[in-house]
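Undergrad: Please read through the structure below; I'll follow up with questions.
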Amino acid sequence: MASIVKRNKSYAVVYTDTTGEKKRQKWETYYSLEEAQQRKELLELCSNTRTEVRHQCVQTVEQFFVQYVELYGVSHWSLSTYQANCSLIRRYLNPAIGMMRLQELSPRVVAQLYHRFAQLPQQGGHCHAPTGKAITTQTLRSLHKLLHSAFEQAVLWEYLVRNPFHGASLPTPHPSPLAFLIPEQVRQLLDNCTNPILHMAVTLAFAGTLRKGELLALTWQDVDFAEGSIRVSKTLCRVSNYALTKLQGRDILYQFPSVLSTACTTLVFKRPKTKASSRVIYLPASVMSELEAFKAFSPATELGLVFCYPDGRPIQEHTLTDRFHEVLKAAGLPQVTFHSLRHSSITYKLVLSQGDLKAVQGDSGHAQVDMITDLYGHILENNRMTNAKRMDEAFFQKGYSKQESNARPIS
């Protein structure tokens, strides 16, 4: 520990230097008490850091995650990322490797860990989803991204010499095909929607390629009837009060009053997760006409929500989902999720545009085009087959046979 000694008109910071081969006492002179105190604080900070490094061999992975979330996550993560990563740590990582020492993690252990994660649930297993289902490919990728980031910090903080998750290969994924409704089924769904709110919600979700939170956050100020477009600038979601407090309301645009004083979550408007998610979507004229008629019967509220109860409270995701599944069942349609309408929309627009990825990306709000090609590659493959047939009809079938008969061998 450092100390300050007053010497006439100056101040000396006295501490033991342990950086060399031998310990020795050092005196550093400063001409103001403020400078001396600042130097003392820095020395003590360095001393505490070195002490942590010396005792790193007794630190478990679970203890490290606590530091990682507090020192890195709180300052770098968005609200949704904070909640998602804390959930991954609590549900998967701490039960699987929380009791291990940091130094016990090696590339071989990482490979075994990923292999266990990818396996079907086994009786008594500790690293699988609490629902008893196998961990999905997307969850496995999220776990890898989180672990790689966390242990990069462990290297920077000198807890480890190298990141055991660097270069780790995930097991070969076997993703299930996306479940969605074909256009004829979407038409059948709309024909069975007698509730005007659900009918409008399904129409906008399909026509605008909207996420559920984006749809429910729409206000009439976001609608431009003259231009025939809507602006996506926020999303409706429910967040934990703990995360809201830890991140000091970061990314929050509006916080709805809680109905219950004992509630542990809060309904909010928050900024979209990525820059690409903030976008303008152009809608068909028929959809804009329906939206204008829908507005005429909507209650006038303070926030001007497109989808709300008569008292102005927003319609929440679970309510929309419940009504959606009721109509699917009544219409005899597959029990897909409401989010499947977004998949249906992207698929249909890829077909209509002959695979115009940038145009579809502009509507979907994906951060990268690769995200569309990875999920909807089968549609693009069909477009390539169609292009080959069109090329044959437009070019080769018209003149290729005649040219072939007059061809001469190349000498």
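The values are calculated or read from the model by the stated rules, or taken from the named source; none is laboratory data. If you're wondering where the values come from, they're calculated on a predicted model, not measured in any experiment. Cβ sites come from the backbone with ideal geometry, for glycine too, and all protein chains shown count toward neighbours. Just so you know, the surface numbers come from the protein's heavy atoms only, side chains and all, with ligands and any DNA or RNA stripped out. Shrake-Rupley method; radii C 1.70, N 1.55, O 1.52, S 1.80 Å.
Undergrad: Looking only at residues in segment 138-159 that are modelled with pLDDT of 90 or more, of a type in the set (A, V, I, L, M) and surrounded by 16 or more Cβ atoms within 10 Å (Cβ to Cβ), which one is farthest from Phe117 (Cα to Cα)?
TA: Ala154
Undergrad: Suppose the filter is surrounded by 11 or more Cβ atoms within 10 Å (Cβ to Cβ) and modelled with pLDDT under 90; does Val69 pass it?
TA: No; evaluated as a whole, the condition is false for this residue.
Undergrad: Oh, and also: Here are Ser229, Ser169: which of them is surrounded by fewer than 21 Cβ atoms within 10 Å (Cβ to Cβ), within 16 Å of Tyr282 (Cα to Cα) and polar (S, T, N, Q)?
TA: Result: Ser229 is the single residue among Ser229, Ser169 that is surrounded by fewer than 21 Cβ atoms within 10 Å (Cβ to Cβ), within 16 Å of Tyr282 (Cα to Cα) and polar (S, T, N, Q).
Undergrad: From Asn195, Asn241, grab the single residue that is open to solvent by 10 Å² or more (accessible area, probe 1.4 Å) and under 17 Å from Phe307 (Cα atoms).
TA: Of the residues listed, the single one that is open to solvent by 10 Å² or more (accessible area, probe 1.4 Å) and under 17 Å from Phe307 (Cα atoms) is Asn195.
Undergrad: Please go through segment 239-270 and pick out each residue that is touching a Lys or Arg at 6+ places or on another chain (Cβ under 8 Å), at pLDDT 90 or above and of a type in the set (D, E, K, R).
TA: Lys270
Undergrad: Within segment 73-92, can you find the residues that are more than 20 Å from Arg141 (Cα to Cα) and open to solvent by 50 Å² or more (accessible area, probe 1.4 Å)?
TA: Ser75
Undergrad: Does Tyr282 count as at pLDDT below 90, surrounded by 13 or more Cβ atoms within 10 Å (Cβ to Cβ), of a type in the set (Phe, Trp, Tyr) and over 15 Å from Ala201 (Cβ atoms)?
TA: Taking the combined requirement at face value, the residue does not satisfy it.
Undergrad: What number of residues in segment 198-226 are of a type in the set (D, E, K, R) and open to solvent by 50 Å² or more (accessible area, probe 1.4 Å)?
TA: Qualifying residue count for the region: 2.
Undergrad: Of all residues in segment 254-267 being touching a strand residue (DSSP E or B) at 6+ places or on another chain (Cβ under 8 Å) and more than 26 Å from Phe206 (Cβ to Cβ), which is surrounded by the fewest Cβ atoms within 10 Å (Cβ to Cβ)?
TA: My answer is Cys264.
Undergrad: May I pose another question? Quick one: is Ile372 open to solvent by less than 20 Å² (accessible area, probe 1.4 Å), in contact with a Cys (Cβ under 8 Å, 6 or more places away or on another chain) and at pLDDT below 95?
TA: No.
Undergrad: Of all the residues that make up segment 71-112, how many are free of Cβ contacts under 8 Å to residues at least 24 places away in the same chain and either over 24 Å from Lys270 (Cβ atoms) or not in a helix (DSSP H, G or I) (or both)?
TA: Result for segment 71-112: 3.
Undergrad: Among the residues of segment 235-253, which ones are of a type in the set (Lys, Arg) and either within 18 Å of His343 (Cα to Cα) or part of a helix (DSSP H, G or I) (or both)?
TA: The one that is of a type in the set (Lys, Arg) and either within 18 Å of His343 (Cα to Cα) or part of a helix (DSSP H, G or I) (or both): Lys246.
Undergrad: Here are the criteria: (1) outside any loop (DSSP other than H, G, I, E, B); (2) free of Cβ contacts under 8 Å to residues at least 24 places away in the same chain; (3) touching a Gly at 6+ places or on another chain (Cβ under 8 Å); (4) among the hydroxyl-bearing types (Ser, Thr, Tyr). Tell me which single one Thr301 does not satisfy.
TA: Only one criterion in (1) outside any loop (DSSP other than H, G, I, E, B); (2) free of Cβ contacts under 8 Å to residues at least 24 places away in the same chain; (3) touching a Gly at 6+ places or on another chain (Cβ under 8 Å); (4) among the hydroxyl-bearing types (Ser, Thr, Tyr) is unmet by Thr301, namely (1).
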